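The values are calculated or read from the model by the stated rules, or taken from the named source; none is laboratory data. Predicted model, so just to flag it, every value in this text is computed and none were measured. We place every Cβ from the backbone using ideal geometry, glycine too, and count neighbours over all the protein chains shown. Calculation scope for accessible area: heavy atoms of the full protein, side chains included, ligands and nucleic acids excluded. Shrake-Rupley method; radii C 1.70, N 1.55, O 1.52, S 1.80 Å.
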Amino acid sequence: MFEKLKNMSIQRKLALVVGVMAVPILVLVGLFVRTTNVLVGSTQDEINGLEYLSAVMNLSEHVQAHRDLSAAVLAGDAGQASRIQALYPVVDSDFAALEPLEEKYAGTFGTSEKLSDIKKAWATIRQRGTNTTARESLAAHADLSNKLIDLVRQVGDKSSLILDPELDAYYLMDPVVVQLPLVIERISALRSLVMQSAVKGRTPEEQAQAVAVATEIQRNFVNLQRSFATASAANKSLDRAMGPAVTAAIGAAENFLGRVTRDANGIRSVNDAYEAGTAALDAFHKLHDTSSTALAGLLDVRVAGFRQQQIVQALVGLLALGAVGFLAYRITLGITAQVDAIMGLFSSIGIGDFGARAPVISSDELGMLTQSLNVMLDNTLSLIQSQEERQQLEDSIQKLTAELSVAAAGDLTVRAEVDNQVTESIAQSFNQMIGELRAVIARVHDTTTSVTSSAGEVQVTTEHLATGSESQAHQIIEASAAVDEMAVSIQQVSANAANAASVADQALETSKKGAGSVQKTIEGMGAIRQQVQQTSKRIKRLGESSQEIGEIVQLIGDIADRTSILALNASIQAAMAGEAGKGFAVVAEEVERLAERSTEATKKISSLIKSIQTDTNDAIMAMEETTREVVGGSNLANEAGQNLLEIEKISGQLAELIQSISMASKQQSRGSESVVRSMGQISDVTQQTAAGAKQAAVSIRRLSSLADELRSSMDRFKLPRVAA
């Protein structure tokens, strides 16, 4: 690639540079356009969300009217049934208006499931009609209204309305998506309550409930006004559009709330309640439509701004590319003109025109190069030699060449004659080189003799080293096998330690479970202890009650005795009265018999009470004994729990020790594996050393042979006697 780039013409190189410069510009413009497209898409989703919300709010308005009219009918005003029948086709048309929007935006907003639930809830309400109770109707409508509000908020979330970054749009979105649907729902619920009360009369509870709902709605008004004020402060144009609508809506609602909260005479009939509530709701629905329209206008302006930014970005990119292209063209034109002038100069010199000069077109580096080239040609022209001087130079060179040929044949006794000024320095350098070469050849001859002698000694040493390396390699192989066996044993120990750690963990877990069971047993013993104590208290109270019963029985016995005495006295008085007291004597006898029966019954009850008291005392003693045993068992369970806690602690320590042993065994196993690998590497290195020693012995033998050959080669050089 770089070779091709080096062979390109200057025009192509500059074109390639322009192309490379254009790439980041195009990428940057593309990123700007893509970012703007994302912003446009997000804003368009908000606009689509407003379109969907408008249809949902229409449906919500008519569903709320159905709820309020149904409440009046179920309260006893059958005259509102015709209005309910008129609402059904309107609601159907609202669902029909939602269908194309659902097909268009379901994938973006994910509303299919919620809209399906809303349709099913409405179908159930429509199927029941007025064949239900007021409570069931209100509950079903409340559930449907909550589903509609949930749908509104999901559309606001999925359409990015909730996340709008602009201050004016955000505080205009908040009433559209969150506050206005909630206020409209509460005003409608208040209308339903007032219509129902207008039929059957308002109770104090209903009046209090109406006042509470009205108070909550008035609190919502504060939040609404704050949001609209913030949006208007951020965008002054919103004040003109939203101010009258906000004032009208809150005024209509305040009128309705004032009539509701005054007294029962504030709303005189069902129709009056419906019309007053509807006027407030219509004003708030109009405010919602106005807010949606204003918000859509802001979003449309934002989309137009984004589109304009895209156009500006594209124009800036095109202008940048045009500027780069024009600049590259001008630079190319300046460079190629100067280069063409230099190439023309070289062409003229090539045909022998040494007087040709290149024009200096620019003052850049190429212009400076052209100036330097012209100066160099002026200096070179003055140095061109004559024909006679060239002939003398050629003769001197031929003579020097002949002398060099003799030296090249191996005769180092030759010397070059210094008889020409031109070749004088060359001849002197040649003679100096021959002298140095004589000394080098002599030293090489002596060195080869020494190398041959030393190579023989090194060869013997290397052969001994190779033999020792082979023996060492065999020993290391045996040691490596022993280390392998040791590593296997360590791995077995590590595995056994891991199994022991697992068993210790199981024992620790079992001891924890046992401690938990004992703790539960202790808690159960404590509960039994409390229950036994409670039972003992109840039995004691039963004994006390039996004593009270005994006292009452004794009192009854006293009453029976006195009754018997009274009957005896009555009999005596009847006998003294003669004939006149016979009737009273019969009564006295009956009273006497009744007193006797009461006495016998009292004796039986007294005997039974004594038996119960005896049994109660026995039961109290048994319960006290049981309580002592339960306390003893609880203490034993506590001791067992403490012992199990100690066992658990010891098991934990044992598990930690075994885990430490297991980890140490694993580390030792890894260390033994590392030793095995190291032994293997040492064995390989030793074998390589042995092989290298053998190879070195061969190489040294060859070195000795080469030294002999070098010495033989040096013999062909002829040296002066003094040098020899």
Residues to consider are Ala86, Ala75, Ala96; find the one that is closer than 28 Å to Gly156 by Cα and either open to solvent by less than 60 Å² (accessible area, probe 1.4 Å) or not basic (Lys, Arg) (or both).
Ala96
Checking the conditions here, which among Ser137, Ser93, Ser160 is of a type in the set (Ser, Thr, Tyr), at pLDDT below 90 and assigned to a helix (DSSP H, G or I)?
Ser137
Just one of the numbered conditions (1) touching a helix residue (DSSP H, G or I) at 6+ places or on another chain (Cβ under 7 Å); (2) modelled with pLDDT of 90 or more; (3) open to solvent by 10 Å² or more (accessible area, probe 1.4 Å) is not true of Ile118; which one?
(3)
Return yes or no: is Asp340 open to solvent by 40 Å² or more (accessible area, probe 1.4 Å), at pLDDT 80 or above, among the acidic types (Asp, Glu) and not in a loop (DSSP other than H, G, I, E, B)?
no
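Select, from Ala314, Ala276, the only residue that is among the hydrophobic types (A, V, I, L, M, F, W, C), in contact with a helix residue (DSSP H, G or I) (Cβ under 6 Å, 6 or more places away or on another chain) and open to solvent by less than 70 Å² (accessible area, probe 1.4 Å).
Ala276
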If you check every pair at least six apart or on different chains, which have Cβ atoms under 6 Å apart with a residue in region 239-256 that is modelled with pLDDT of 90 or more first and a residue that is among the aromatic types (Phe, Trp, Tyr) and part of a helix (DSSP H, G or I) second?
Val246/Phe228; Ala249/Phe284; Ile250/Phe221
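Among the listed residues Glu51, Glu61, Glu46, Glu3, which satisfies the condition of being modelled with pLDDT of 85 or more and either open to solvent by 70 Å² or more (accessible area, probe 1.4 Å) or in contact with a Pro (Cβ under 9 Å, 6 or more places away or on another chain) (or both)?
Glu51
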From Ala198, Ala139, Ala189, residue being surrounded by fewer than 19 Cβ atoms within 10 Å (Cβ to Cβ) and of a type in the set (A, V, I, L, M, F, W, C)
Ala139
Qualifying residue in region 638-656 (condition: assigned to a helix (DSSP H, G or I), open to solvent by less than 30 Å² (accessible area, probe 1.4 Å), at pLDDT below 70 and among the aliphatic types (A, V, I, L, M))
yes
Return yes or no: is Leu148 of a type in the set (A, V, I, L, M) and free of Cβ contacts under 8 Å to residues at least 40 places away in the same chain?
no
From the option list Ser347, Ser291, single residue qualifying as of a type in the set (Gly, Ala, Ser), within 41 Å of the chain's Cα centre (by Cα) and assigned to a helix (DSSP H, G or I) is Ser291
Do the conditions hold for Gln218, that is, is it closer than 27 Å to Ile84 by Cα, in contact (Cβ under 8 Å) with a residue 12 or more places away in the chain, part of a helix (DSSP H, G or I) and not acidic (Asp, Glu)?
no
As an exercise: evaluate Leu151 against (1) part of a helix (DSSP H, G or I); (2) open to solvent by 30 Å² or more (accessible area, probe 1.4 Å) and give the number of the one condition it does not meet.
(2)
Verdict on Leu299 being touching a helix residue (DSSP H, G or I) at 6+ places or on another chain (Cβ under 7 Å) and either of a type outside the set (Val, Ile, Thr) or exposed (fewer than 14 other Cβ atoms within 10 Å of the Cβ) (or both):
yes
Counting only residues in region 121-134 that are open to solvent by less than 70 Å² (accessible area, probe 1.4 Å) and in a helix (DSSP H, G or I), the one nearest to Gln80 (Cα to Cα) is identified as Ala134
